[in-house]
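See below for the structure under consideration.
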Amino acid sequence: MTEIRIGVVGATGAVGRVTLALLAERGFGQVRAFASSRSVGAKVPYGDDELEVEEATPEALAAGDLDLCFFSVGSGPSSELVPAAVRGGAVCVDKSSAFRLADGVPLVVPEVNGERATAHDGIVANPNCSTIQLVCALAPLHQAAGLRRVRVATYQSASGAGADRMKRLQEQTAADGDVVMDWDFDGEESDEESKLRAETRKILELPELPLSATCARVPVLVGHSQAVWVETEEPLSPERACALLEAASGVRVTERPTARDAAGGDQVLVGRIRHDTAGEGLALWVVCDNLRKGAALNAIQIAELLLARHALAA
Ligand SMILES: NC(=O)c1ccc[n+]([C@@H]2O[C@H](COP(=O)([O-])OP(=O)(O)OC[C@H]3O[C@@H](n4cnc5c(N)ncnc54)[C@H](OP(=O)(O)O)[C@@H]3O)[C@@H](O)[C@H]2O)c1
C-alpha cells in the first residue's frame, strides 16, 4: 500500500509539536512540517529524527503532493491555507475556528459523532479544546436521559493559548512564583464562551440546548478543568451517571481528577459526580489534556477514522 503523505501545518506551535509526536509514535513515515516564513529552515523533532520546516504558502499546499493535512495555525491563516490544500487534493483536519460552524463541514469528536466525519468535502473541523472534553462527558448522559440545560465554568491552562503563552507562564513562575488567574477572554460573553455553546449544540445536534459558560485562564501549564452542572429530561442519579460515563469510550471516571492527572494522557477524566444541591440535576468535574485529546489526538483520531473508512479522498 502506498503510504499517505501528511502535512503538519503549524508544526512549530504547541499543538503542532504534539501532532508530530503522536504521528511519529504511530509510525507514519511520510510527514512534512510547515509553519510561517519565520520558521523556514528550523528543525522540529519527529520521533528520533528531525524535520526541516517549510513555509506554508497556498502554492506549496496546493501542489498536489499531500493526501492529508493537519492544521493548527489559527483561523486567519487557516482560512487561506486550508482551501489551498483542499484544491491540491488533501483532506484537511483543521483545529482553528475558521470552519467549525460552517454548513457542510463536519465538526467531529470521534467517540461522540464519528459517523459524521466521512460526509466531508475536504475539510473536517476539530472542535475547541474545551468543547471536546465537555461533549465527551455530556454525550453519554444525553443518550440516556436527554439534556435539558448545561452550565459550565472552565479553568483553562496556558497551553490552550499557544506556545508563547506557555513560555510566559514558565518565565513568570521562575521569576516570582506569583501567577494568578487571568480573564484573557474579551467581551460580555467571550468568544470562548459562545464557541463552547455553539460547538456543543452542533456536535450533539441540539440546536436549542440552553448552555451558559464562564471561561477563565488559570496558571496551569497543560490541562483544562471544568465544573459542569447538568439538568436532564429524565431523572438521572449520580450512580447511573457514573456507570454511563464508566462505559463511555475515551472517558475514565476517577474520584477527584486534577489537570495534572490528565496532562500527558489520552482520556477525559470525570469525577466528583454528585447531586447539584442548588437544583434538580448533577454536578461533575471534567479534566483533559487540551493539547492531546483537546487538539492533536482528536485530530489524529479523526484521520484514523477516515483512513479506516477509506474516506480520505475529498
Ligand atoms: N493549544 C490548544 O490547546 C488548542 C486546542 C484546540 C485548538 N487549538 C487551535 O490550534 C491553533 C494553533 O494553536 P497553538 O496553541 O498550537 O498555537 P501556537 O503555539 O501559537 O502555534 C501557532 C503555529 O501556527 C503557525 N503560524 C502562525 N501564523 C502562520 C501563518 N500565517 N502561516 C503559517 N503558519 C502560521 C506558527 O508558526 P511560526 O512558529 O512560524 O510562527 C506556529 O507553528 C489555533 O487555531 C488554536 O485555536 C489550540
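The values are calculated or read from the model by the stated rules, or taken from the named source; none is laboratory data. Model, not experiment: these values are computed from the prediction. Because the Cβ atoms are built from the backbone with ideal geometry, glycine has one as well, and the counts that use them run over all protein chains shown. Heavy atoms of the whole protein, side chains included, go into the accessibility calculation; ligands, DNA and RNA do not. Shrake-Rupley method; radii C 1.70, N 1.55, O 1.52, S 1.80 Å.
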* To do: Residues in region 224-263, backbone N under 17 Å from the label point at Thr277 (7 Å along the Cα-to-beta-carbon vector): list them, ranges by number please.
  => 228-230, 238
* Can you give the calculated 222 nm mean residue ellipticity of the chain, where each DSSP H run of n ≥ 4 adds -39,500 (n - 2.57) and the sum is split over every residue, rounded to the nearest 500 deg cm²/dmol? -> -9500 deg cm²/dmol
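Quick one: grab the alpha carbon gyration tensor of region 165-300, order the square roots of its eigenvalues as a ≥ b ≥ c, and give me rounded if a/c is under 1.5, else prolate or oblate depending on whether a/b is larger than b/c.
Prolate, since a/c reaches 1.5 and a/b exceeds b/c.
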* Structure fact -> Ranking His120, His275, His142, His310 from most to least accessible area with a 1.4 Å probe gives His310, His275, His142, His120
* Can you work out the accessible area per residue across the chain, with the rest of the protein chains kept in place, probe 1.4 Å, in square angstrom? => 44 Å²
* **R0 of 35 Å, Cβ-Cβ distance Arg168-Ala102: FRET efficiency to nearest 0.05** => 0.60
* region 76-99 and region 140-161: distance between their alpha carbon centers, rounded to Å -> 27 Å
* Average Cα contact separation per residue, region 137-214, under 8 Å, 6 or more apart, as relative contact order % -> 45 percent
* To do: Under a 10 Å cutoff between Cα atoms, tell me which one of Gly187, Gly74, Gly41 has the largest fluctuation in the Gaussian network model of the chain.
  => Gly187
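Compute the FRET efficiency between Asp176 and Arg148 as 1/(1 + (r/R0)^6), taking r as their Cβ-Cβ distance and R0 = 45 Å, and round to the nearest 0.05.
The computed FRET efficiency comes out at 0.45.
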* Asked: Given a Förster distance of 45 angstrom, what is the FRET efficiency for Glu52 paired with Glu234, based on the Cβ-Cβ distance and rounded to 0.05?
  -> 0.20
* Among all stretches of the chain without exposed GluC sites (Glu not before Pro) (DSSP loop, at most 16 other Cβ atoms within 10 Å), which one is longest? -> 4-187
* To do: Counting residues in the chain as N, plug N into 2.2 N^0.38 Å and put the Cα Rg over that result.
  => 0.99
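Out of the DSSP beta bridges found with both residues in the chain, what percent are antiparallel (nearest 5)?
In the chain, approximately 45 percent of DSSP beta bridges are antiparallel ones.
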* Asked: Rounded to the nearest 20 Debye, what is the dipole magnitude of the chain about its Cα centre when Lys and Arg each give +1 and Asp and Glu each give -1 at the C-beta?
  -> 340 debye
